[in-house]
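The values are calculated or read from the model by the stated rules, or taken from the named source; none is laboratory data. As the structure is a prediction and not an experimental result, all values here were calculated from the model. Virtual Cβ from ideal backbone geometry, glycine too; neighbours counted across all protein chains shown. Only protein heavy atoms, including side chains, enter the accessible area calculation; ligands, DNA and RNA are left aside. Shrake-Rupley method; radii C 1.70, N 1.55, O 1.52, S 1.80 Å.
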Amino acid sequence: MASLVSKEEMLKQEKYIATVNSLIKGQGKKAFVYTLGCQQNEADSERIMALLLKMGYEKAQDEKEADILIVNTCAIRDHAEKRALSIIGRFKHYKVARPDIVIGVCGCMTAQKHRADHLKHSYHYVDFTFGTSMLHRLGEFVLSALNKGKRAFYLDEATPEIAEGIPHERESTYRAWVSIMYGCNNFCTYCIVPYVRGRERSRKMCDILAEIKDLVKRGYREITLLGQNVNSYGKDLEDKPTIANLLNEINKIEGDFIIHLMTSHPKDASKEMIEAIKSSKRTKSHFHLPLQSGSDDILTKMNRHYDIERYLGIIERLRENNPDIVLTTDIIVGFPGETEEDFQKTLDIIKKVEFDTIYSFIYSPRQGTPAYSMEQIPEEIKHERYERFCQVQNEIANKLNQKMLNKVYRVLVDGKSKGNEKMYTSRTEGNKIVHFESDTDYTGKFVNVKITRADTFNLFGEIIN
Ligand code: 5AD
Ligand code: SF4
């Protein structure tokens, strides 16, 4: 069972925060956090910003005006790391112009030793880096940088702890992320996550429920439960609660709000969990279930521990009493050893299941993972397959969108679309984006919208009273 960061340590951190506060008080210092990657990083950045505000910084509107810059990085694919390095590279000019600014880098990229070393040796203006489980120590790192202490490059502990009680500076006033667990035990052979986020650690159910109750009381309408594999929630806790137990408890909370889960693993999709998803109006509209490949051979090489038959069985059960459930998935194209036949199997299954949205990725070798040293397939073949994949999926997405025409959906409104004063964007409870015109601003509220136009990537509708 993961232990909590001790009260003594949290108190010590409070003191660092207070000291930073007294150092920069009244100086109008500003903070900017640049976030790359997944929702977990978005959620972490909301906590980073909250800590910076506590230290006395104000939110900068633009990176150029910031006195402290934090880059929260991602390592899932090569492209994400390249982007992080290019952003960090850009920040050099700010430090040259104003040597007193503080630059910190955190997240999955810096949790890898070779990357932390690279930043240490080649980016001399970076003051500190830290791993994914250390953000509660931000005050300590900032204080040291302000006092011109030694540059510091912290890697995560072998058994990271959970820090409760860190505030969030949430980006939205109606959609919220709630981390229910951290880390991953699965070691899919392509994936860097278990190496940079450590083993699975679940938060206690009482802490999660308290956070959700508070959010609902404050008017939040959509809550996404975050974890690398939310359906193995609780296995590491003493009383072994399950994700189904957690969902059932969340359902007892009064209020009008919906729940998404991000993300699940088919091998752990228990009957009990599927029933809990299906039976609640808060969860029954959408489910994200990463498939990764349509070939059993590739799934074995990926160390996924399920086959296509099992996956299709889960989909069938999810659709049993709600055939309209929005299903989304992740697919990797071009995993080492993927033959044209394997790839065809992926095309076959996506045609069979008809996912509403697929987050598809070209396989990107990650140093330190088993697939990195498997025989790679040529780049041009990966790209050519990816193109074909997108064509097939776009046709499916278009067909499914057309089916929504003239139907009425409840949507949560996100605010004005760019470039048109009267156009608003929103999402259905199944997480599909719908644009509509309105004279009234319903941002943060549920409204009913009838779909009037649909293409591959967009849905348009009109408000129904
Ligand atoms: N290359 C490409 N895609 C990857 N993913 C994870 N690791 C890699 C990689 N090395 C994808 C998986 C996962 C999603 C979050 O990112 O599909 O589900
Ligand atoms: Fe990566 Fe697999 Fe863990 Fe997901 S379940 S984070 S793909 S190792």
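Candidates in the range 217-259 are the residues that are within 16 Å of ligand 2 (Cβ to nearest atom) and hydrophobic (A, V, I, L, M, F, W, C); of these, the one that is surrounded by the most Cβ atoms within 10 Å (Cβ to Cβ) is Ile243.
Among residues belonging to the range 87-115 that are in a helix (DSSP H, G or I) and within 25 Å of Val20 (Cα to Cα), point out the one that is most open to solvent (accessible area, probe 1.4 Å). Applying the filter and picking the extreme gives His93. Just one of the listed residues (Thr35, Thr110) is among the hydroxyl-bearing types (Ser, Thr, Tyr) and in contact with a Phe, Trp or Tyr (Cβ under 9 Å, 6 or more places away or on another chain), and it is Thr110. Does any residue of the range 179-192 turn out to be under 19 Å from the mean Cα position of the chain (by Cα), open to solvent by 30 Å² or more (accessible area, probe 1.4 Å), within 27 Å of Pro290 (Cα to Cα) and more than 16 Å from ligand 2 (Cβ to nearest atom)? No, the conditions are met nowhere in the range 179-192. Go through the residues of the range 308-320 one by one and say whether even a single one is within 16 Å of ligand 2 (Cβ to nearest atom), touching a helix residue (DSSP H, G or I) at 6+ places or on another chain (Cβ under 9 Å), over 22 Å from Leu226 (Cβ atoms) and modelled with pLDDT of 95 or more. There is at least one residue in the range 308-320 that is within 16 Å of ligand 2 (Cβ to nearest atom), touching a helix residue (DSSP H, G or I) at 6+ places or on another chain (Cβ under 9 Å), over 22 Å from Leu226 (Cβ atoms) and modelled with pLDDT of 95 or more.
Is it the case that some residue within the range 202-213 is out of contact with any Phe, Trp or Tyr (no Cβ under 6 Å at 6 or more places or on another chain) and assigned to a loop (DSSP other than H, G, I, E, B)? Looking for residues that are out of contact with any Phe, Trp or Tyr (no Cβ under 6 Å at 6 or more places or on another chain) and assigned to a loop (DSSP other than H, G, I, E, B), one finds at least one in the range 202-213, hence yes.
The residue that is nearest to Gly294 (Cα to Cα), among those in the range 260-276 that are without any contact (Cβ under 8 Å) to a residue 40 or more places away in the chain and in a loop (DSSP other than H, G, I, E, B), is Ser264. Residues that are out of contact with any helix residue (DSSP H, G or I) (no Cβ under 7 Å at 6 or more places or on another chain) and either acidic (Asp, Glu) or in contact (Cβ under 8 Å) with a residue 60 or more places away in the chain (or both) within the range 333-354 comprise Glu340, Glu341, Asp348, listed in sequence order.
Taking the conditions (1) more than 16 Å from ligand 1 (Cβ to nearest atom); (2) surrounded by 14 or more Cβ atoms within 10 Å (Cβ to Cβ) in turn, Pro323 satisfies each one other than (2). Determine which member of the set Phe343, Phe335, Phe257 is more than 14 Å from ligand 1 (Cβ to nearest atom), aromatic (Phe, Trp, Tyr) and not assigned by TED's automatic domain parsing to the domain that holds Tyr190. From the options Phe343, Phe335, Phe257, the qualifying one is Phe343. May I ask you to list the residues in the range 360-407 that are over 28 Å from His114 (Cα atoms), among the charged types (D, E, K, R) and open to solvent by 60 Å² or more (accessible area, probe 1.4 Å)? Glu380, Glu384, Glu387, Arg388, Glu395, Lys399, Lys403, Lys407, listed by residue number.
Among residues of the range 159-180 being closer than 13 Å to Thr132 by Cβ and not in a loop (DSSP other than H, G, I, E, B), the one that is farthest from ligand 1 (Cβ to nearest atom) is Ile162.
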